[in-house]
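Notes follow once the structure below has been shown.
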Amino acid sequence: MIEHAVFVADAKALERLSGEYGRLYFGNEFCSRLLPDAAEVDAARRFARTRGMAFTLVTPYADDEGLAAIARLLEHCAGAGPELAEAVINDWGVFRSITEGRWKGSFIPVLGRLLTKQKRDPRIPGLSGIPVEAQEYFRSCNADSAAISDFLTSRGVGRLELDNLPQGLLRTGPLKASLYVPFGYITTTRLCFMAGADERPRYLRRVVPCARECRAYTATLSSRSMGQDIILKGNTQFFVNRSLPDDLEGLRVDRLVHQPVIPM
Amino acid sequence: MNILAPVNKVEDVEQVIAAGADEIYCGVFPADWKRRYTNIVSPNRREWTCASLPSYDDLKQVVAIAHARGARVLFTLNALYTEPQQALVREQVVAARAAGADALIVADLGLLLALRAERPALELHLSTGGTVFNSESAKFFASLGVARITVPRHVQPPELAAMIRQCPGLQFEVFILNSGCKNIDGFCTFLHGTSELRYGAAWRLLKGLDLDRYFLALVRALSGGRQTAWNSRLPGADSPCLLNYGISVAAQGGATARQLRTLKENIASYFSFLSGADPCGACRVDEFRKMGVHGLKIVGRNYSTSKKLTDVRFLKQVVGLAGRDPDQTEFRAGVQALYREMYGMRCGGLCYYPL
């Protein structure tokens, strides 16, 4: 039985959400400046509860300042409902806090797609003359290795978040997985392409303040050698793959995370 | 502060140590691994074969030369591995230890966990691929037995200072020269090395001649907007960060034509050849010294010996300047003058750690 979840990053998008889903993902993976505040999380939880949806808080990688913001949200959410909320983790510091630190036992930890380590270059399906072992490597992820699976299990993590790779998926590990559709992330940076970049020409190698321009713009990068267009949103580049694998059960995928729009 | 220099051939070792390197780091790209996975699935995150030593016999010689001169050798196994690769990687660990490597640089959590269990005495350093952006992450890896952390390029000096204060038992090192990719190494899943896969020996010859470095130095020497006007139309340019993308921008709300045009031009500038030029963080060396950074890491295993020597000599002099003058403005002016003198061009404001 596949669970259908929907990922919403912007609280304003909740009211426009349509479709039947069993779970709401809310938050951000790629930028701590896009984290919702406590009121927005409350609104999202209410939205989920009134529609009978389970709730998953999504957290990004972060510097110490961002980590403090994540901590405030975790504190706010811990024990806030009758059931434990899931927390998607994309930072080893957050992992530590949730699996062995202050919030141990307060959330169901899930390993986010920044930490499951798949190869997502859209050129991979077009590579020719690649040995079978390399092909299998490109369809796998390191989080499926025995050492990592055992470690995650020992810390209470039972789920991996995976992208729907255009080259296909190969699972070797025992953990359940969620599959993100249709957008897969390729790469991310702290040197945001869009922060403050619509006002004046600049070439910057620094982290700059932003007005969440990423929510106002979407760029498309086209190159013949890339195989497909890349979508650039804020600090992150994405591919699109709408074709689901045939054997989700065999891949131990029991949840689809639908992204109606890029979750930024 | 230690200076860490890259090497990719035995002949480099004596010279970079004589120039001032305290530690050297290198990897091996075994033929068997390459046969199974090709060059684009490197065991050590350098997908150009010429960036690595060809064999463990070479590593043994590297270690012998380095140890005879009092320098340590750090061995890179800093890729991310799938389950079928773990046994092969473990063989590389055994070979590296047998060759006498002093420490391993790793990024893969699975390898780290396995080594902690099997070889608790082995000195482990966390690669930038470990993505430590905060103190809690640093503590997480310290709890797994990591002795040193190379922080990602995007961690700025004040953030690092806070981390060092929070983690007194850990050593931290920073990137200081070359290869300033805008993406986060440990979170980037793009391929590199596809040109070598496609063009084979011809590409290896070109890469070995270091022509890309001279070209990028030329880009750096251009003025103002001309620096970002060039992007890749060259056959063989395979880095997704430098591709000649057609770029379109759509607005979800109201945006003026000028805003759309400005944003498009700014995005395009990031995919210009300027993004491939080598940045520098030397102006912050004195701050790093004060906050207790252990090592300054020079990137560029595949660079020519002459480039490596210039980098090490430059950095050695910068470290020598650090601490002499409490005025950071004076220190930076001295560093920039030294850069002009040693590289024959201005640094051009391509900073790892902009002020």
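The values are calculated or read from the model by the stated rules, or taken from the named source; none is laboratory data. Quantities reported herein were computed from a predicted structural model and do not represent experimental measurements. Reconstructed Cβ throughout: ideal geometry from the backbone, glycine too, with neighbour counts over all protein chains shown.
Here are a few things to note about the model shown:
- Filtered residues of region B:8-42 (kept if under 26 Å from B:V312 (Cα atoms) and among the basic types (K, R)): B:K9
- One residue stands out among those in region B:167-200 that are in contact with a Cys (Cβ under 9 Å, 6 or more places away or on another chain) and within 15 Å of B:L296 (Cα to Cα): the one that is modelled with the lowest pLDDT, which is B:G180.
- Meets criteria (within 29 Å of B:D238 (Cα to Cα) and in contact with a Ser or Thr (Cβ under 6 Å, 6 or more places away or on another chain)) for A:D229: yes
- Filtering region B:175-191 to residues that are at the interface with another protein chain (Cβ under 9 Å from one of its Cβ atoms) and either in contact with a Ser or Thr (Cβ under 9 Å, 6 or more places away or on another chain) or in a helix (DSSP H, G or I) (or both) leaves B:G180, B:C181, B:K182, B:N183, B:I184, B:G186, B:F187, B:C188, B:T189, B:F190.
- Considering only residues in region B:99-138 that are hydroxyl-bearing (S, T, Y) and under 13 Å from A:R96 (Cβ atoms), the one that is nearest to the other protein chains (Cβ to nearest Cβ) turns out to be B:S137.
- Among the conditions (1) facing another protein chain (nearest Cβ under 9 Å); (2) under 30 Å from B:C347 (Cβ atoms); (3) at pLDDT 70 or above, B:Y214 misses just one, which is (1).
- Scanning region B:50-88 for residues that are within 14 Å of chain A (Cβ to nearest Cβ) and within 21 Å of the chain's Cα centre (by Cα) returns B:L77, B:N78, B:A79, B:L80, B:Y81.
- Within region A:214-240, the set of residues being within 15 Å of A:N28 (Cα to Cα) and more than 8 Å from chain B (Cβ to nearest Cβ) comprises A:C214, A:K233, A:G234, A:N235, A:T236, A:Q237, A:F238.
- Residue within region A:101-119 that is facing chain B (nearest Cβ under 10 Å), on the phi > 0 side of the Ramachandran plot and of a type outside the set (A, V, I, L, M) present: yes
- Within region B:114-141, considering residues that are of a type in the set (S, T, Y) and within 17 Å of A:I148 (Cβ to Cβ), the one farthest from the chain's Cα centre (by Cα): B:S137
- Lone unmet requirement of (1) out of contact with any Gly (no Cβ under 9 Å at 6 or more places or on another chain); (2) part of a helix (DSSP H, G or I) for A:F26: (2)
- Meets criteria (of a type outside the set (V, I, T), out of contact with any Leu (no Cβ under 6 Å at 6 or more places or on another chain) and surrounded by fewer than 18 Cβ atoms within 10 Å (Cβ to Cβ)) for B:R35: yes
- Unmet criterion (only one of (1) of a type in the set (G, A, S); (2) at pLDDT 95 or above; (3) farther than 27 Å from A:T187 by Cβ; (4) surrounded by fewer than 19 Cβ atoms within 10 Å (Cβ to Cβ)) for A:A68: (3)
- The set of residues in region A:98-115 being assigned to a loop (DSSP other than H, G, I, E, B) and buried (at least 22 other Cβ atoms within 10 Å of the Cβ) consists of A:G112, A:R113, A:L114, A:L115.
- Filtered residues of region B:308-355 (kept if in a helix (DSSP H, G or I) and among the charged types (D, E, K, R)): B:K308, B:D311, B:R313, B:K316, B:E330, B:R332, B:R340, B:E341
- Qualifying position, being of a type in the set (A, V, I, L, M, F, W, C) and free of Cβ contacts under 8 Å to residues at least 12 places away in the same chain, among B:A117, B:A147: B:A117
- On inspection, B:R301 passes the criterion of being part of a loop (DSSP other than H, G, I, E, B), buried (at least 22 other Cβ atoms within 10 Å of the Cβ), of a type in the set (K, R) and modelled with pLDDT of 90 or more.
- Among residues of region B:291-331, those that are farther than 25 Å from B:Q171 by Cα and of a type in the set (K, R), counted: 1
- Condition broken by A:R96, with the remaining ones in (1) closer than 25 Å to B:G186 by Cβ; (2) touching a strand residue (DSSP E or B) at 6+ places or on another chain (Cβ under 9 Å) satisfied: (2)
- Residue match in region B:268-282 (condition: more than 30 Å from B:C26 (Cα to Cα) and either part of a loop (DSSP other than H, G, I, E, B) or facing chain A (nearest Cβ under 9 Å) (or both)): yes
- Every residue from region B:241-267 that is more than 26 Å from B:K307 (Cβ to Cβ), hydrophobic (A, V, I, L, M, F, W, C) and within 9 Å of chain A (Cβ to nearest Cβ): B:I247, B:V249, B:A250, B:A251, B:A255, B:L260, B:L263, B:I267
- Flag if B:T150 is crowded, with 21+ Cβ neighbours inside 10 Å and on the phi > 0 side of the Ramachandran plot: no
- Whichever residue in region B:90-113 is aliphatic (A, V, I, L, M) and surrounded by fewer than 22 Cβ atoms within 10 Å (Cβ to Cβ) and, among such residues, is nearest to the chain's Cα centre (by Cα): B:A103
- Within this structure, B:L263 passes the test of being out of contact with any Cys (no Cβ under 8 Å at 6 or more places or on another chain) and either without any contact (Cβ under 8 Å) to a residue 40 or more places away in the chain or not in a helix (DSSP H, G or I) (or both).
- Residue that is farthest from B:A87 (Cα to Cα), among those in region A:126-156 that are touching a helix residue (DSSP H, G or I) at 6+ places or on another chain (Cβ under 7 Å) and not in a helix (DSSP H, G or I): A:G156
- The residues of region B:139-152 that are at the interface with another protein chain (Cβ under 9 Å from one of its Cβ atoms) and more than 14 Å from B:L104 (Cβ to Cβ), listed by number, are B:K139, B:F140, B:S143, B:P152.
- Among the conditions (1) out of contact with any Leu (no Cβ under 8 Å at 6 or more places or on another chain); (2) in contact (Cβ under 8 Å) with a residue 40 or more places away in the chain, the only one that A:E133 does not satisfy is (2).
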